[in-house]
Each structure stands twice: as structure tokens, then as C-alpha cells.
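Scroll down for the structure; my scribbles are underneath it.
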Amino acid sequence: MVDVILGLQWGDEGKGKIADYLTPKYDIVARFQGGPNAGHSLEFEGKKFVLNTIPSGIFHKTTTNVIGNGVVIDPVRLFQEIDRFIAEVPDYADRLLVSKKAHLILPTHRIVDAALEHAKGDKKIGSTLRGIGPTYRDKTGRHGVRVGDILLPDFKERYEEARNRHLDQIEWLGFTDFDLEKDEAEFYDSVEQLKELQLINSEYFINKCIKEGKKILAEGAQGSMLDVDFGTYPYVTSSNTISAGVCNGLGIAPKHIDKVYGIFKAYCTRVGSGPFPTEDFGEKGDWLRTQGKEFGATTGRPRRTGWLDLVALRYTCMLNGVDELIMMKSDILCGSDKIRVCEAYKIGDETTDEVPASLVESGVEAVYTNLPGWVGPLNYADGFDKLEGTFKDYINYIEKAIDTRIKIISLGPERENTIVR
């Protein structure tokens, strides 16, 4: 069977740490969507690593890691990522498998991304400029270049056809701030390195493993509120970030999905543009950003910060069929005398507990409940029962509101800073 781990907010929930923490229970960790715009941070033994494309199980010597067909891969960034951890995992290539059906991010995809954002002016969607959107557009438009294509004799012609199509678009947009010659040289070098990895028909591999009774953890990127169908459209990513995306992104039937773990922060953050009903623009927002070190793992951009949104959390639990919740960064709220929680949305004269079809157009106002804070620190070694009473009240309050159990509580970035109830 396949278990799923994914984010329930706007990304940056801490999926990397939990995937790494859970990995010893699994034979395989497989990424099913997204690309190098996602940064999964892992900390252990005093070291910190940021993974963008490679599954979070790579640091466990007995775990096979699969980059599924739903992922988009930038070969240059892939090997830059590998260079960052190769000293820790010199045998990574023995345990890293890449789907031949995964699409490649070409140098001109990144340039198109930058050109489109530049053309939007003050209406930018907050793209990371990694070429993710243009790559997925080529995929759905049936113009994409896939990993398996690099093994074909006409790969260069396929690449050049795509490149020239992109250059026409870039010229039309009047964008000139790029150095394609340099980018292409790096791209071709990385393609040669990519050929040395294990390129597979991942859908057959995954289904064979399921038949053999192996345990698989499907790892998502970004967050459910960035899903292209159900997120805060158009301020979303270009893939399906919810549990339904596992089937398309790995090539498995829905009946094989077992448990869904949903990860959320004890507060909320968002990177880039788009609606954020519980955003705090004042001192508390700055405090959360500083306390939580809320800067993008991949981009370094400061994150927008705010309070826990139970309306959005109920919504994403419903969409994903979440079985167990995992709450991250609980320790960051230590020292706050008051914790705000959004219970409902007010739209005009009406109050609702549903996420509207368009958060962008609805003019939502968060309706808050104030809860007592806690001083801390929260000591994971003491276990849940000995934690401060007001913190346990906060946990119980969320569980009752969402009607889902919080199974794991993270009280710090290291593997051991974790309580399993």
C-alpha cells in the first residue's frame, strides 16, 4: 500500500523533516509532483540540507527514492542539489530512480517564466522563476520534452524545436535579460550526467513494489492551498498538490492509497502573491517571521505570516481525506500571551465556514477566536502529557474543530524534536 504525506496550507509546512522522520518505516519514498520551486529542509546531527527535487528519504541507506512522472526536473538544479549532499550520501545513485516520463525544465522555460512575470508588472503571481509553470504548460500542450527523450538519437532536434518556440514567445514579450549560451552549456552537461542515473518506467516499478508488499511513502511538494484546481486560483502552482495527484503523479490506482498524513504549521505562512485571510501585518506578524525563521528554503524570500486558519484547514483535510494530522513549529508560538485562530470567514454581511470559489474576489475577512498562549519551552523529551496545559488545550481545540487527530507534534527542526502520540 501507499501512504501519502503532504502539506495542508500554502507550502513550507515542514514536509521534509516529517518525510525524513517517517522514512525508516518505508521501503520507498516517491515524489509525485512539483519541481525545484519546492524546498524541503532536513536537519540532523547538527547538519542542515535542503532538497528540491530528490525525495526526502535519500539520507536513509536502505530506502529507494523515486522521482515520479508527475515531477518536472531541471537537470542543472538537480545536480547542484546532489553536490550539496554528496559527501553525506556518496552512494545516492544506487538508491535514486528517475521516471522516464518526468518532464524536463529547459533553459528557455526559466526565461519564459521570467519574461511572463516581468510582463505582468504589479499583477505578478509570485513565481519562483524556476520554469515550473511553462514546463507544465508544455506538458499539457503536448509540446514537452521528457527525461526518456535524452536517450533518443533525435534529442537535440527535439530540444531545439522547443527552444525556438520559446524564443519566439520571449521575443514577442520583449524580454532580453538572459544568457542562453551559458545556460545551454550547463544544461547539456547536466543531461549527460542525468543519463548516468537509473532512468526507469516508474509506473511499472511502483506497481511491482505494491504487489510485492513493499511500503511506499508518496511525498508531495508545495501545499494543498496551492493546488491548481482547488487552491487560491490563479495564485497557485501548476500541478495537483492534493492526494488525488498521487495517482497521476506515480501511475497508481486510487485503491492502493492507504493512510494520508496532513502537515500544517501551528500558524500560517505564504510566499509570493495571493490571498491570505489571516495574514498579520503588524508586530505579531514580524515576531512570527523572526521566531520561525520564515524565509524560503529555495528562494530565501521572506514569507508572509499570520494565524492558523481553521476554515482552510478543514477544507484541505476534506480534499485530501486526511487520516492523521501532523503539527509543525509549535515551539515558535512559545512566549505569546495570546494565540489567534480563524474560526470562520465574513464575506459582506454573511459568515461562512466554507472557502469561497474565489478567495481573490470575495473580500474575505477572518473571524477570530483568541486563545491563551503558553510560556514554554516545550520539552519533547517529557512526552505530550507533561507539556504545558494551555498548549495541550490548543491541540485539543484544533482537533475538535477539524474532527481529526493530531498524531505527531514537532517542537524543533531536528529529528528527535518530535512527539508521537
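Values quoted throughout were computed directly from the atomic coordinates according to the rules given, and no laboratory measurement underlies them. Since we're looking at a predicted model, the values are computed, not measured. Neighbour counts run over all protein chains shown; Cβ positions are idealised from the backbone, glycine included.
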Does the range 170-277 come out rounded, prolate or oblate, given a ≥ b ≥ c as the square roots of the eigenvalues of its C-alpha gyration tensor, rounded meaning a/c under 1.5 and, failing that, prolate meaning a/b above b/c? oblate
Of LYS61/LYS215; LYS255/LYS400; LYS284/LYS400; LYS259/LYS329; LYS15/LYS329; LYS346/LYS392, which sit over 18 Å apart, Cα to Cα? LYS255/LYS400; LYS284/LYS400; LYS259/LYS329; LYS346/LYS392
Of the listed peptides 346-359, 199-212, what is their order by residue-averaged count of other C-beta atoms within 10 Å, with the highest listed first? 199-212, 346-359
What per residue convex hull volume, in Å³, do the alpha-carbon atoms of the range 252-333 yield? 125 Å³
Sorted from fewest to most neighbouring beta carbons within 10 Å, what does the list PHE187, PHE32 look like? PHE187, PHE32
Where the centre of each part is set by its Cα atoms, how far does the range 153-208 sit from the range 28-88, in angstrom? 20 Å
Formal net charge of residues neighbouring ASN69 (Cβ-Cβ distance under 11 Å; K, R +1; D, E -1): +4
In nm², the average projected area of the convex hull spanned by the Cα atoms of the range 265-420 is 9.7 nm²
For THR140, THR390, what's the fewest-to-most ordering of other Cβ within 10 Å of each Cβ? THR140, THR390
In what order do MET327, MET1 fall by count of nearby beta-carbon atoms within 10 Å, going from fewest to most? MET1, MET327
Volume per residue (Å³) of the convex hull spanned by the alpha carbons of the chain is 143 Å³
So which lysines can LYS156 reach, going by Cα to Cα under 29 Å and dropping same-chain residues fewer than 8 places off? LYS100, LYS101, LYS139, LYS182, LYS195
